[in-house]
Amino acid sequence: MKKTVDVSIPLGPMHPCWKEPVRLKCETAGERVLHTEVELGYMKKGIERIMRGRPWQEVMFLAERVCGICSVVHNMVFIEAMELISDIAVPPRAAYLRVVANELDRVASHILANFSYCYTIEHETLAMYLLNTRERVLDNLERLTGSRINTAYMIPGGVRFDLLPEDAATMLADLAKVEEELKRYVQIFESGPLIGLRSRGIGYMSREDAIRAHTVGPTARASGVEDCDLRLRHPTYRALGFEQVTRTEGDNFARVMLRFQEVFQSIDLIRKCVDTLPAGHIRGGGLCRAGEVSYSGEAPRGELTYTIKTDDFGRVLDIAIRTPSIMNIEACAHYMVVNATSIADVTSTFISSDPCIACNER
């Protein structure tokens, strides 16, 4: 009688579907996955160590380089932490412009995540459509901040540049085109039989497991975890009437669809900010002082926390950054891919959690 032998199958660290190097070590019985371990450490950057002892003006630029995909929120969380330490107020106009920049960055990040998923399940046509649409979003981020990736847009007490009326009109027109295109792509994703076979019921994680694994961001919200979006607690988002998007399916399909829903929500938030942009200055001024704080914001992948200690001159004496991907990657390894019936589903499930290795390897 033939006996099925457990086999160890490594995926990565260099894999056609990975955006960054990481290795998944899967123990299998035939095609069924019994156990998975994640192996990191292939692109250590040491940014936290480089930050220590430097003035906030330099640390601000380093913070963005923790992650090139969601650089704006790193800038935002670091600057808002410094403002909290130093009791610096932000003019209402600047606060709204920060939301515009942050949501443009979120749209670009979510579209890239969904591109990666579609590419992983070999729906290259939809993947290329999404990547092309993302370019229009980055063009508008450059229109607002002067740069497509590392913007350094937020400074203590405000933002660097105002939004001109003609740029606002162009931005709204472009976002209308992005929204129209994405509605078509969502229909393709929802109705595609190949996508359904590779996504629905694959990589399931229950709400209880999501809470137990401390998942954050869209990965948690796709499993029905309520009240986990930190924008609910941000004063500017609360003034804009922000409400969290949640799904309950908990599978690959839900995680991708939730990001599509959040993209439409982000576009609505940008419209609301532009239409109701308060008059006034974009910089309030203020000096960075000594203090210590732990401050969190909602990155595209979930909760991002900066713990900072500064001196009287605004130098960063100590800093620790907790990025969202580490929790979601562990949840993927211990809950989503366990008992997967095909090794091919491990790759797509891992990508569905939108892992950012650069954040973890900071």
Practice item. Would you mind giving the average projected area, over all directions, of the Cα convex hull of the stretch 97-189 in nm² with one decimal? Key: 6.1 nm²
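Filter Lys45/Lys309; Lys19/Lys309; Lys177/Lys272; Lys45/Lys177; Lys44/Lys309 down to the pairs with a C-alpha to C-alpha distance above 26 Å, please. Numbers along the way, then the final one.
Numbers: Lys45/Lys309 21 Å; Lys19/Lys309 33 Å; Lys177/Lys272 17 Å; Lys45/Lys177 38 Å; Lys44/Lys309 23 Å.
From the list (Lys45/Lys309; Lys19/Lys309; Lys177/Lys272; Lys45/Lys177; Lys44/Lys309), the Cα-Cα distance tops 26 Å for Lys19/Lys309; Lys45/Lys177.
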Revision key, fill the gap. For the stretch 46-324, the per residue accessible area (1.4 Å probe, Å²) is 39 Å²
Check your understanding: So how many Å³ per residue does the convex hull of the Cα atoms of the stretch 172-239 work out to?
Key -> 115 Å³
Revision key, fill the gap. Between Arg23 and residues 5 or more places away or on another chain, the pairs with built amide H atoms under 5 Å apart involve Glu39
Check your understanding: Hey, any idea what % of the stretch 46-324's accessible area is carbon plus sulfur with a 1.4 Å probe?
Key -> 51 percent
**Study point:** Highest-first arrangement of 355-362, 124-131, where packing means the average Cβ count within 10 Å
**Key:** 355-362, 124-131
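What number results when the radius of gyration of the stretch 46-324, computed over Cα atoms, is divided by 2.2 N^0.38 Å?
The stretch 46-324 yields a ratio of 1.01.
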Check your understanding: Where Lys and Arg each count +1 and Asp and Glu each count -1, what net charge lies around Arg136 among other residues with Cβ under 13 Å from its Cβ?
Key -> -3
Study note, to complete from the structure: So the angle from the long Cα axis of helix 343-352 to the longest Cα principal axis of the chain, reported in degrees to the nearest 10, equals 10 degrees
Review point. Roughly speaking, what is the centre-to-centre gap between the stretch 165-179 and the stretch 204-242 when only Cα atoms are used, to the nearest Å?
Key: 29 Å
Check your understanding: By how many degrees, 0 to 90 and rounded to 10, does the Cα axis of helix 124-145 deviate from the longest principal axis of the chain?
Key -> 10 degrees
Check your understanding: To the nearest 10 degrees, how steep is helix 252-275 against the longest Cα principal axis of the chain, on a 0 to 90 scale?
Key -> 20 degrees
Exercise for review: For the stretch 46-324, calculate the relative contact order in percent as a whole number, restricting contacts to Cα pairs under 8 Å that are 6 or more residues apart.
Suggested key: 29 percent
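The values are calculated or read from the model by the stated rules, or taken from the named source; none is laboratory data. Just so we're clear, the structure is a prediction, and the values are computed from it rather than from any experiment. Note that we place each Cβ from the backbone using ideal geometry, even for glycine, and neighbour counts take in every protein chain shown. Side chains included, ligands, DNA and RNA excluded: accessible areas come from the protein's heavy atoms. Shrake-Rupley method; radii C 1.70, N 1.55, O 1.52, S 1.80 Å.
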